[in-house]
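Read the structure below first, then the notes.
The values are calculated or read from the model by the stated rules, or taken from the named source; none is laboratory data. Predicted, not measured: the structure shown is a model, and the values here were computed from it. Please note: Cβ atoms are built from the backbone with ideal geometry, for glycine as well, and neighbour counts cover all protein chains shown. Keep in mind that these areas ignore ligands, DNA and RNA; they rest on the heavy atoms of the full protein, side chains included. Shrake-Rupley method; radii C 1.70, N 1.55, O 1.52, S 1.80 Å.
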Amino acid sequence: QLQASGGGSVQPGGSLRLSCAASGRTSSINTIGWYRQAPGKQRELVADKTSAGKTNYADSVKGRFTIPRDDDAKDTVSLQMNSLKPEDTAVYYCYARTYWGITNWGQGTQVTVSS
């Protein structure tokens, strides 16, 4: 299971932090991170990290969103979102993928960026 927290409403230029914690057979997790889905759009990868410590970011969020360096546990992932834009408005989903390719999803959390 994946439990996400954080999200909310913020003005453009503001910041939010999302957190996600996995439970259960967490030893099988290879990658954990975040997708998002805006209304009328496909779900897209935002950022993730591997069990080896490699992080990956969508081009649209590079330089603004960060998985904190001290977030090195393989069963948790945070997402620090700075300089938020209206186009970042979406439902954000935590996910975890096992070494053999099974993907589990957490419940979505709404992020709204609006003035």
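The residues of the chain expose, per residue, 54 Å² of accessible area to a 1.4 Å probe. Of the whole protein surface, Ser60 contributes about 60 Å² of accessible area at a 1.4 Å probe radius. Counting only protein heavy atoms and a probe of 1.4 Å, the accessible surface of the chain is 46% carbon and sulfur. I need to check one value: relative contact order of the chain, counting alpha carbon pairs closer than 8 Å and at least 6 residues apart, in percent. Worked out over the chain, it gives 38 percent. Restricting the chymotrypsin sites (Phe, Trp or Tyr not before Pro) of segment 45-115 to loop positions (DSSP other than H, G, I, E, B) with no more than 12 neighbouring Cβ atoms within 10 Å leaves Tyr99, Trp100. Sites listed here are trypsin sites (Lys or Arg not before Pro) in segment 1-99 whose DSSP assignment is loop and whose Cβ has at most 12 other Cβ atoms within 10 Å: Arg25, Lys41, Lys54, Lys62, Arg69.
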